[in-house]
Each structure stands twice: as C-alpha cells, then as structure tokens.
There are 2 protein chains.
Amino acid sequence: MARVGLNAERLTRAGAELADEVGFDKVTVSALARHFGVKDASLYSHVRNSQDLKTRIALLALEELADRVAAALAGRAGKDALAAFANAYRDYAREHPGRYAAAQLELDYETARNSAAVRHSRMTRAILRGYDLAEPDETDAVRLLGSTFHGYVALERAGGFQHTPRTTEDTWPRILDALDALLRNWPKA
Amino acid sequence: MARVGLNAERLTRAGAELADEVGFDKVTVSALARHFGVKDASLYSHVRNSQDLKTRIALLALEELADRVAAALAGRAGKDALAAFANAYRDYAREHPGRYAAAQLELDYETARNSAAVRHSRMTRAILRGYDLAEPDETDAVRLLGSTFHGYVALERAGGFQHTPRTTEDTWPRILDALDALLRNWPKA
DNA sequence: TACGTTTGCCTAATACTCCTAGGTATTTTA
DNA sequence: TAAAATACCTAGGAGTATTAGGCAAACGTA
C-alpha cells in the first residue's frame with residue numbers, strides 16, 4: 001500500500017495545526033493517526049509516545065514564538081521594544097491558541113535547558129536595556145513583565161475580561177503605558 | 001453489601017484532595033472510584049460525567065480561595081490590602097496546587113456567573129479603593145493586578161524562576177512594592 | 001413491624017485512547 | 001540487484017468514560 005511518508009517533523013507540524021483547531025489537550029495519537037489515514041500504531045515508529053509528541057509540539061511553538069519576538073524586537077529600544085515584545089507574544093497566542101497552550105507545557109529541566117525557552121528569557125532581559133535598572137531589580141522586573149504578559153494573555157483567552165464594557169483592546173495599550181512608567185520609576189528597595 | 005455513602009459533595013472533596021496529591025488533570029472518574037473502593041459506574045449516580053466532576057472541583061476551589069482572600073482583606077487598605085490579597089492568592093496556589101489548577105478551568109458563561117468568580121472580581125476591585133483611580137483606569141488596573149498575580153503564580157509553579165540565583169522569595173515582595181508604586185502613580189492617558 | 005419506594009451500588013457491555021510485539025511490503029543503498 | 005532499512009500493518013492488552021438495567025440496603029409510612 002502507498003505510504004503517506006510520515007516522520008517526526010510532519011507529525012509535529014500536523015499536531016500543532018490540530019492543536020490550534022481543536023485545542024492542545026485534544027491532540028491525541030489516535031486523532032493524528034486519523035488525520036493521516038493510518039493506524040495508531042504506525043505513529044510509534046516516529047514518536048516515542050503521547051508525551052513525546054506533546055513535548056515536540058511545545059518545542060516547536062517555543063521556537064516559533066521566539067523567532068517572532070526576535071523579529072519584532074529588532075532595532076527597537078525602550079517603550080518601543082516593550083510594546084513590540086508584548087504584542088508579538090499576545091498576537092501569537094491569539095493566532096495560535098493551541099500552540100500557545102503547548103508552549104506552556106511543563107518541560108523537564110534538561111529539555112527546557114536546550115529549548116528556545118532560553119532565548120525567551122534572554123530577550124525579556126534585553127527589553128530592559130532601555131531602562132536604568134541594576135541587579136537584582138532587573139531580575140525582578142523581568143519576572144514582573146513575564147508574569148504580567150503571560151497572565152494577561154491567559155486571562156484574556158479564558159474570557160476573563162468579557163464581563164465589562166471596557167474592551168481588552170482599550171486596556172492593553174494602557175497596561176503597556178503603565179509598565180513603561182513603572183520601569184522608568186522602579187521603586188528603591 | 002455495605003454502602004460507602006457517596007454523594008456529589010464527598011466526591012468533589014475527595015476529588016479536590018486527589019488533585020492536590022497527583023494533579024488536577026489526573027483526577028479521573030476511575031481514580032476516584034478506586035479511592036472509594038467502588039466501581040466506576042457507581043459514580044454516575046452522583047455526577048453527570050467527568051466534566052461535571054471537574055467543574056464541581058473548580059467551583060469548590062473558587063469558593064475556598066474567595067473565602068481566604070476575603071478573610072485576608074478584612075480591615076486592610078492600600079498597600080496592606082494589596083499584599084494581603086496577593087499573598088492569599090499565592091499561598092493557596094502553593095498549599096493546594098491541584099485545587100488552584102482546578103480554579104483555572106474554563107467555565108461556561110452561566111456557570112461562571114453563578115460562581116465565586118464574581119466575588120473574586122469584586123474583591124480585586126476593592127483593593128483599589130485605597131488608591132486614587134477613576135474609571136476606566138480602575139478597570140485597567142484591576143486587569144493588570146489580576147494578570148500579574150495569576151501569571152506570577154503560574155510561572156512560579158511551572159518552575160520558570162528557578163534558573164537564577166535570585167529566589168522568588170526575594171522577588172515577590174519587590175513586585176508588590178512595584179505594583180504599589182505603580183498604583184500610586186498611574187500614568188495619565 | 002411489614003410494605004413499598006427510593007436509591008446506592010452492582011454487572012454487563014460498548015467505545016475510545018495508549019501502547020507493545022511482531023509481520024509484510026516498500027524504499028533505499030551498496 | 002540483493003541486502004538493509006524502514007514505513008506501515010494486524011493483533012491484542014490495558015485503562016478510561018459512559019449507558020442500561022438489576023439487586024438489595026435504607027427509608028418513609030401505614
């Protein structure tokens with residue numbers, strides 16, 4: 001019979017697309033097998049198991065997201081960089097909800113260490129170059145930014161901001177204003 | 001044969017405890033049935049299905065968390081209230097990781113509307129009474145606080161802050177300082 | 001206290017997902 | 001073109017979710 005031509009990368013890409021369509025938690029080995037018109041068991045030559053498949057999708061999403069952020073950040077500094085970073089992050093989550101959810105998957109130490117997660121933390125730190133922060137304030141500020149962006153996107157996605165007339169479109173730029181103001185006037189210890 | 005005496009509430013409580021022990025996503029109908037020494041099918045007289053069980057655990061967690069926050073907030077204002085709120089939130093997540101994850105479950109509109117989630121948003125707004133913010137800044141600030149706390153707890157739990165010498169114990173109070181400073185000097189539109 | 005009703009828990013059965021072992025056929029390579 | 005690698009298969013076992021229908025314990029009432 002004709003072969004479909006599977007390999008780990010095609011499975012990962014199809015899994016990422018499937019995640020965006022139906023949700024990351026609904027990406028299963030059998031759903032993916034159905035998508036390619038093969039039997040479940042056939043996937044196990046390319047992927048160790050279900051967890052491995054999910055990890056690969058997570059790593060793909062982290063790479064893509066890091067690439068986007070890097071592109072958005074190029075040549076910008078200060079508040080421009082802050083906004084570019086934040087928007088890249090948020091836009092990715094909206095365009096690719098499944099991949100974004102995948103990027104949140106908890107990776108074991110070793111896997112995370114060799115993933116694009118490292119680029120993410122370096123880029124977050126790079127934003128702060130336009131502001132005048134010394135350690136340990138810089139680390140604290142990195143954590144604040146990461147927390148706020150991640151939290152905002154998560155709550156927005158969960159529909160947490162839908163019960164008031166104020167739209168999230170209006171709120172978002174104001175939050176960037178606020179964070180910019182905060183970074184320019186970081187409180188003394 | 002002797003009956004165990006199941007009912008929806010006991011199942012929900014046991015499910016919440018199980019969530020804290022093994023993770024919310026590992027709370028299954030069959031695991032819970034095993035815990036009580038009964039057959040899977042027996043649970044379906046008390047709970048509609050797996051989703052219903054998870055929703056009940058989520059609602060329980062939201063109630064508990066709201067109670068804690070309310071207690072922490074009583075009689076406080078300004079930065080005191082901010083810190084009490086944030087700590088109640090964070091402590092709950094650390095003591096009850098499974099329940100906290102459950103509280104993040106996406107509820108449909110109607111369910112959310114009748115849940116303790118409403119108390120949560122009211123309490124978040126109450127914090128701001130000690131600061132001088134008019135609408136729509138108040139709504140934006142509520143969203144910023146919610147995002148930051150939620151995001152911080154999520155990233156901390158995922159181990160996102162473990163790769164640097166600066167501990168999260170040191171960072172956390174500084175983030176509260178920063179948010180307090182920000183609320184006192186909210187930028188003009 | 002006996003009787004009927006409720007209901008807590010059971011057995012049986014179906015369906016879906018994950019995964020292993022071992023086989024066949026196709027493609028690659030030497 | 002024969003050998004090696006490998007893409008996909010069949011078969012089957014285990015766990016989870018769920019429905020349908022049954023028996024017996026507990027409860028309310030006459």
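Below, the figures for the structure above:
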item: All positions within segment B:20-36 that are more than 19 Å from B:Arg90 (Cβ to Cβ) and buried (at least 21 other Cβ atoms within 10 Å of the Cβ); result: B:Val27, B:Leu32
item: Output for segment B:37-53, where each listed residue is open to solvent by less than 40 Å² (accessible area, probe 1.4 Å), more than 7 Å from DNA strand C (Cβ to nearest atom) and farther than 14 Å from B:Ala16 by Cα; result: B:Leu43, B:Val47
item: Residues being at pLDDT 95 or above and not small (Gly, Ala, Ser) - total across segment B:95-108; result: 5
item: Checking A:Gly78 against (1) open to solvent by less than 70 Å² (accessible area, probe 1.4 Å); (2) on the phi < 0 side of the Ramachandran plot, the condition it does not meet; result: (2)
item: Residue ID - most open to solvent (accessible area, probe 1.4 Å), chosen from residues in segment A:171-189 that are within 13 Å of B:Ala189 (Cα to Cα) and within 7 Å of chain B (Cβ to nearest Cβ); result: A:Asp177
item: Test set (1) under 18 Å from A:Asp180 (Cα atoms); (2) surrounded by fewer than 15 Cβ atoms within 10 Å (Cβ to Cβ) - A:Arg94 fails condition number; result: (1)
item: Unmet requirement for B:Ala117, which otherwise passes all of (1) at pLDDT below 95; (2) open to solvent by 50 Å² or more (accessible area, probe 1.4 Å); result: (2)
item: Residue match in segment B:125-133 (condition: at the interface with another protein chain (Cβ under 9 Å from one of its Cβ atoms) and not basic (Lys, Arg)); result: no
item: From A:Leu53, A:Leu32, A:Leu62, residue being out of contact with any Phe, Trp or Tyr (no Cβ under 9 Å at 6 or more places or on another chain), more than 14 Å from DNA strand D (Cβ to nearest atom), more than 14 Å from chain B (Cβ to nearest Cβ) and without any contact (Cβ under 8 Å) to a residue 60 or more places away in the chain; result: A:Leu53
item: Every residue from segment B:139-159 that is more than 7 Å from chain A (Cβ to nearest Cβ) and open to solvent by 40 Å² or more (accessible area, probe 1.4 Å); result: B:Arg157
item: Matching residues, segment B:160-170, being part of a loop (DSSP other than H, G, I, E, B) and crowded, with 16+ Cβ neighbours inside 10 Å; result: B:Gly160, B:Phe161, B:Arg166
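The values are calculated or read from the model by the stated rules, or taken from the named source; none is laboratory data. All of these numbers come straight from a predicted model, not from anything done at the bench. Here Cβ is always computed from backbone atoms with ideal geometry, including for glycine, and neighbour counts include all displayed protein chains. Surface areas here come from the heavy atoms of the whole protein model, side chains and all, with no ligands, DNA or RNA. Shrake-Rupley method; radii C 1.70, N 1.55, O 1.52, S 1.80 Å.
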